[in-house]
Amino acid sequence: MTDTSGYLARRRASRDLTGKHIVITGASSGIGRSAAVAVAEKGAIVLLLARRGDELADVVEEIEAAGGEAHGYQCDITDADSVDAVITLILSQHGHIDMLVNNAGRSIRRAVHRSTDRMHDFERTMAVNYFGAVRMTLALLPQMRERKFGHIVNISSAGVQVATPRFAAYLASKAALDMFAEVTAAEMRTDNITFTTIHMPLVRTPMITPSGDQGTSTQSPEWAAATIVRALSERPRRIDVPLGTLAEYGTLIAPGIKERVLHRYYRAIPDSPAAKGETVVEPETEAVEIVVPQRRRRSTPPALRVTGTALRRAARLVPGTHW
């Protein structure tokens with residue numbers, strides 16, 4: 001008779017985040033803040049990085065008030081000296097880092113024909129979304145390789161799979177990070193260092209408010225935080241949403257039809273005032289900001305919830321599906 005109890009115990013232990021040292025960037029608000037709180041609730045020691053020191057201190061205070069352990073470090077991930085100093089300090093205080101969540105990001109929504117004199121749009125998104133995340137990863141890889149353990153979660157976008165119009169600068173930077181993670185994961189198998197790429201859908205933050213209704217559904221920062229917890233505990237290679245998977249299949253099976261559909265979408269949704277050059281407060285700030293108040297959702301009937309869970313698990317058995 002097979003000893004399943006030992007296997008299940010090892011499986012649960014491998015998913016346990018208790019005592020794990022987890023770094024989260026962009027942790028002062030929005031998705032990062034929600035993720036920090038959720039990860040701390042799982043018993044992890046959360047090491048929070050952000051540029052805004054006051055807001056970072058508030059998150060640490062919130063986590064500690066709930067009985068968790070958190071430490072805040074003011075850091076600009078676009079600055080090599082700032083990252084080096086913070087990583088050196090963290091390692092001297094905590095000894096090692098088990099996991100990293102590259103969450104800090106910048107998003108710009110502007111059609112390419114309106115960006116021909118705005119090369120800085122592309123440079124700024126790459127500085128945070130790609131070079132910042134790579135800089136953090138490179139800084140932590142040596143000690144992870146020495147300990148033969150590490151997991152890195154990259155917050156990407158479902159738009160990379162869809163190729164959403166008006167997000168060329170943002171999606172190009174995320175696509176670069178996706179490929180960096182895929183290549184590095186292949187190289188690090190014997191070092192037991194793994195990667196999860198989360199292709200996030202739109203998440204309700206003030207960043208998306210100036211763009212108006214995009215004709216797509218959005219998720220809450222709490223939903224995003226729960227997805228990050230899953231990425232840290234289960235450590236799958238990818239986590240997608242159905243729309244992203246459908247778009248990828250569309251690219252493989254009918255790329256011309258997909259392009260026409262996206263063009264119609266592009267023509268139907270107007271440019272934002274900022275993209276047109278009108279004088280407004282630019283939405284080109286941090287991709288994770290203070291949470292927009294959300295509507296209360298109706299409770300899901302247990303039968304429907306069980307059915308949905310079963311369908312998601314069944315979908316994961318289909319090659320190329322990572323829901």
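Just so you know, all these numbers are worked out from the coordinates, no wet-lab data involved. Here the structure is a predicted model, which is why all the values come from computation and not from measurement. Positions of Cβ are backbone-derived with ideal geometry, glycine not excepted, and every protein chain shown enters the neighbour counts.
Could you tally the net charge around Val83, taking each other residue with its Cβ under 11 Å from the Cβ of Val83, Lys/Arg +1 and Asp/Glu -1?
Numbers: positive: Arg135; negative: Asp76, Asp79, Asp81, Asp84.
Every neighbour counted, the sum reads -3.
For the pair His96 and Thr18, how long in nm is the line joining their label points, each one 7 Å along Cα→Cβ?
Calculated label separation equals 1.9 nm.
Test of understanding: ordering Thr251, Thr190, Thr125, Thr197 by Cβ neighbours within 10 Å, fewest first, what list do you get?
Least to most surrounded, the residues fall as Thr190, Thr251, Thr125, Thr197.
Counting only residues 5 or more places away or on other chains, whose amide H sits under 5 Å from the amide H of Glu69 once H atoms are built in the peptide plane?
Under 5 Å from the amide H of Glu69 lie the amide H atoms of Val46, each far enough along the sequence or on another chain.
Compute, for the range 130-254, the length of the dipole vector about the Cα centre, with Cβ point charges of +1 (Lys, Arg) and -1 (Asp, Glu) only. Units Debye, rounded to 20. Intermediate values should be presented prior to the final figure.
Details: 12 positive and 10 negative charges, 53 e Å.
Dipole of the range 130-254, to the nearest 20 debye: 260 debye.
Measure out, as a whole number of angstrom, how far apart the alpha-carbon centroids of the range 78-142 and the range 145-197 sit.
13 Å
Skipping prolines and chain starts, which residues have an amide H placed within reach, meaning under 5 Å, of the one on Ser157, given they are 5 or more residues away or on another chain?
Correct list: Met200.
Residues with beta-carbon under 11 Å from that of Thr227, excluding Thr227: net charge, scoring Lys, Arg +1 and Asp, Glu -1?
-2
How much net charge surrounds Gly43 when only other residues with a Cβ under 10 Å from its Cβ are counted (Lys, Arg +1; Asp, Glu -1)?
-1
Show me the ranking of peptides 149-158, 259-268, 23-32, 108-117 by mean Cβ neighbours inside 10 Å, starting with the highest. Numbers along the way, then the final one.
Working: 149-158: 24.6, 259-268: 12.2, 23-32: 28.5, 108-117: 14.8.
Sorting 149-158, 259-268, 23-32, 108-117 by mean packing, highest first, produces 23-32, 149-158, 108-117, 259-268.
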